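Encoded as structure tokens, the structure appears first; notes follow it.
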Amino acid sequence: MKQKPWISLAAFTTCAALILPATALATDYRPAMLANPCAGCHGPDGDSPGSIPSLKGLTADEIASSMKAYKADRRKGTVMNRIAKGYTDEEIDLMAGYFSRKP
Amino acid sequence: MNNISRRRFIQWLGSASALGALGAPSLALPNSKARIIVVGGGFGGATCANYLKRFDPSLDVTLIEQSKQFYTCPFSNAVLGGLYDMDFIRHDYAKLQSKHHIKLIQDKASTIDPVKQTVRTTAGRTLSYDRLVLSPGIDFRWNAIEGYDPAASLIMPHAWKAGEQTVLLRKQLHEMRDGGVVVIAPPANPFRCPPGPYERASMIAHYLKQHKPRSKVLILDAKDQFSKQTLFQDAWDEFYPDIIEWVPGSQGGRVTAVDPKHMTVTADDERIKTDVANIIPPQLAGDIAHRSGLTNDQGWCPVNQKTFESTIYKNVHVIGDASIAGKMPKSGFAASSQGKVCAAEIVAALHGDTVGTSSWVNTCYSLITPDYGISVAAVYRLSDEGIVGVKGAGGVGPRDAPRSTRRMEAIYAEGWYRSITADIFG
């Protein structure tokens, strides 16, 4: 598990004791909640084992501009034009950021 | 479990003099290792178990599943069409155990005690939980079609749970004479995998066209409309005009009785002789759900549309085909998407957090031929009326899409299958 939303307790206590205020720990689920369904086609963490393009290795900008182009029908795909229209531009940026941070 | 959630503990820790708190010898770390039991290792349950551990690796997650191996309904039609063998749709739980540290109990969960928060299994185990996730899939309403009971399903397979039933139906197709009639009888809504019967008709027709071209596929439908209907019918006209015939419910399609001994099905008071009968009976939530009192009078499980917690019992969540999930269809993709949302909601609740956004997706491909696929997709959000599709998004593919699009969707259908099964079981 390379990336997880929860900082391990042991690691945190060390940090907390030194600097962090408690509020820093609130987890923002939004990017994961928006991005998790994508794995159903693009593979775990966007790493596709089959014919559907991987998101892994793309920059946030590449993912976001692609999604926005599908959304506006400036780029022609198959299902992506229909799916991209389900998200606001801000949500697209959150999802793109989420996948670009995956190792 | 210990009521002090990790986050609250940490908040408390933050508000105390941190160094002093850490130095206090009486202060032990709280036991926040919540016990989550997931029942059912299909698309919903296996995804939820997996994502619970992804969200919080410290959780104690146990998956109760009676089968050692799981055969997916998705792509079982392609097995019937001769495109793949059974190995392609077979998955196991080895990686969920070794990689994600999920405990697997190979047993059948038979009932729950929502007050004591325990699950009983048929082998006599009693397991306690802090949170329970049920993903029991469907069961059949035996005898809703007169004469269609478990014994009849060994002669007239439903093949609506993949595995032995898929193998049986395939065997019957292989043994059938050229010039035979295959009846497919889909039920009324709601049921598992709305486009499934029509993809099945396509894949069986694909097999027959090559090997038994004088044969027919007769769809005797309880309904007058079905999923992706226009796209299916356009493609049938092109590829299988002399093979597939669809009879809607109002025009005599509704099957009311079967006679396995004489291989007849009765629709609109007419007895039809058939060589192979694939009867897909009306359905309800899987066994454990109705035995535990989690279903409504229609046989499905009402749930909080955000958390998938049962509206009947606290700390019991129901996902997948068994649940009433607003406008979402009963599909593998939908169940998997629900498994992820449910996992996040449980983890957040255990940590005293909230999940701000709820978002689900369903994407579903159907194969007409090995090179011709069609799709439907939707993005779902929470509204006052429950889970609804985002307006202006989703829908079926365009009717006038070029052949290259159909070809790509056939290729992507397999890509989808490889991705989602890797996401769930990998």
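How about segment B:52-163: which strands (runs of 3 or more DSSP E) wholly inside it have at least 1 residues that are touching a residue at least 24 places away in the same chain (Cβ under 8 Å) and among the aromatic types (F, W, Y)? Step through it out loud before you land on a result.
Numbers: elements: B:60-64, B:69-71, B:90-92, B:103-105, B:109-113, B:118-121, B:126-128, B:131-134, B:138-140.
In segment B:52-163, the matching strands (runs of 3 or more DSSP E) lie at B:69-71, B:138-140.
Given the condition within 10 Å of another protein chain (Cβ to nearest Cβ), hydrophobic (A, V, I, L, M, F, W, C) and touching a Leu at 6+ places or on another chain (Cβ under 7 Å), answer yes or no: does some residue in segment B:338-352 qualify?
Yes, the conditions are met somewhere in segment B:338-352.
Counting only residues that are among the charged types (D, E, K, R) and at the interface with another protein chain (Cβ under 10 Å from one of its Cβ atoms), which one in segment A:46-103 is surrounded by the fewest Cβ atoms within 10 Å (Cβ to Cβ)? Walk me through how you get there before you give the answer.
First pass over segment A:46-103, keeping only residues among the charged types (D, E, K, R): A:47, A:56, A:61-62, A:68, A:71, A:73-76, A:82, A:85, A:89-91, A:93, A:101-102.
From what is left, the residues that are at the interface with another protein chain (Cβ under 10 Å from one of its Cβ atoms) are A:47, A:71, A:76, A:82, A:85, A:91.
On the way: A:D47: 18, A:K71: 21, A:K76: 10, A:R82: 24, A:K85: 18, A:E91: 19.
Only one residue fits best here, namely A:K76.
Given the criteria surrounded by fewer than 20 Cβ atoms within 10 Å (Cβ to Cβ), touching a Lys or Arg at 6+ places or on another chain (Cβ under 9 Å), at the interface with chain A (Cβ under 7 Å from one of its Cβ atoms) and on the phi > 0 side of the Ramachandran plot, does B:G395 qualify? Walk me through how you get there before you give the answer.
On the way: surrounded by fewer than 20 Cβ atoms within 10 Å (Cβ to Cβ): yes; touching a Lys or Arg at 6+ places or on another chain (Cβ under 9 Å): yes; at the interface with chain A (Cβ under 7 Å from one of its Cβ atoms): yes; on the phi > 0 side of the Ramachandran plot: yes.
Here the answer is yes, as B:G395 does meet what is asked.
Being buried (at least 16 other Cβ atoms within 10 Å of the Cβ), at the interface with chain A (Cβ under 7 Å from one of its Cβ atoms) and over 20 Å from the mean Cα position of the chain (by Cα) is the filter here; which residues of segment B:373-392 pass it?
Matches in segment B:373-392: B:V390 only.
Condition check ((1) in contact with a Cys (Cβ under 6 Å, 6 or more places away or on another chain); (2) farther than 18 Å from B:V265 by Cβ; (3) modelled with pLDDT of 95 or more; (4) surrounded by fewer than 20 Cβ atoms within 10 Å (Cβ to Cβ)) across all residues:
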| residue | (1), (2), (3), (4) |
| --- | --- |
| B:R131 | no, yes, yes, no |
| B:F140 | no, no, yes, no |
| B:E164 | no, yes, yes, yes |
| B:V167 | no, yes, yes, yes |
| B:P186 | no, no, yes, no |
| B:P190 | no, yes, yes, yes |
| B:P197 | no, no, yes, no |
| B:R200 | no, no, yes, no |
| B:I204 | no, no, yes, no |
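Could you tell me whether any residue of segment B:100-123 is more than 27 Å from B:A344 (Cβ to Cβ) and among the small types (G, A, S)?
The answer is yes; a qualifying residue exists.
Any residue at all in segment B:276-285 that is over 20 Å from the mean Cα position of the chain (by Cα) and of a type outside the set (K, R)? Talk me through it step by step, then tell me what you get.
Of the residues in segment B:276-285, the ones over 20 Å from the mean Cα position of the chain (by Cα) are B:276-277.
In the following step, the residues that additionally are of a type outside the set (K, R) were identified as B:276-277.
Scanning segment B:276-285, I find at least one residue that is over 20 Å from the mean Cα position of the chain (by Cα) and of a type outside the set (K, R), so the answer is yes.
Residues are listed down the side, and each one gets a yes or a no for (1) more than 25 Å from B:L52 (Cβ to Cβ); (2) assigned to a strand (DSSP E or B):
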| residue | (1), (2) |
| --- | --- |
| B:A257 | yes, yes |
| B:H262 | yes, no |
| B:R271 | yes, yes |
| B:N278 | yes, yes |
| B:L284 | yes, yes |
| B:A289 | no, no |
| B:G299 | yes, no |
| B:Q305 | no, no |
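Of everything in segment B:350-368 that's modelled with pLDDT of 95 or more and small (G, A, S), which residue is surrounded by the fewest Cβ atoms within 10 Å (Cβ to Cβ)?
Going through the qualifying residues, I end up with B:S359.
Which condition number in (1) touching a helix residue (DSSP H, G or I) at 6+ places or on another chain (Cβ under 7 Å); (2) under 26 Å from B:Y129 (Cα atoms); (3) free of Cβ contacts under 8 Å to residues at least 40 places away in the same chain is the one that B:G394 fails?
Here B:G394 clears every test but (2).
From the list B:S359, B:S323, B:S366, pick out the single residue that is of a type in the set (S, T, Y) and either facing chain A (nearest Cβ under 9 Å) or more than 21 Å from the chain's Cα centre (by Cα) (or both). Lay out the reasoning, then the answer.
Working: B:S323 fails: either facing chain A (nearest Cβ under 9 Å) or more than 21 Å from the chain's Cα centre (by Cα) (or both); B:S366 fails: either facing chain A (nearest Cβ under 9 Å) or more than 21 Å from the chain's Cα centre (by Cα) (or both).
Criteria check complete, one pass: B:S359.
The values are calculated or read from the model by the stated rules, or taken from the named source; none is laboratory data. Bear in mind that the values here come from a model prediction, so they are computed numbers and not experimental data. Positions of Cβ are backbone-derived with ideal geometry, glycine not excepted, and every protein chain shown enters the neighbour counts.
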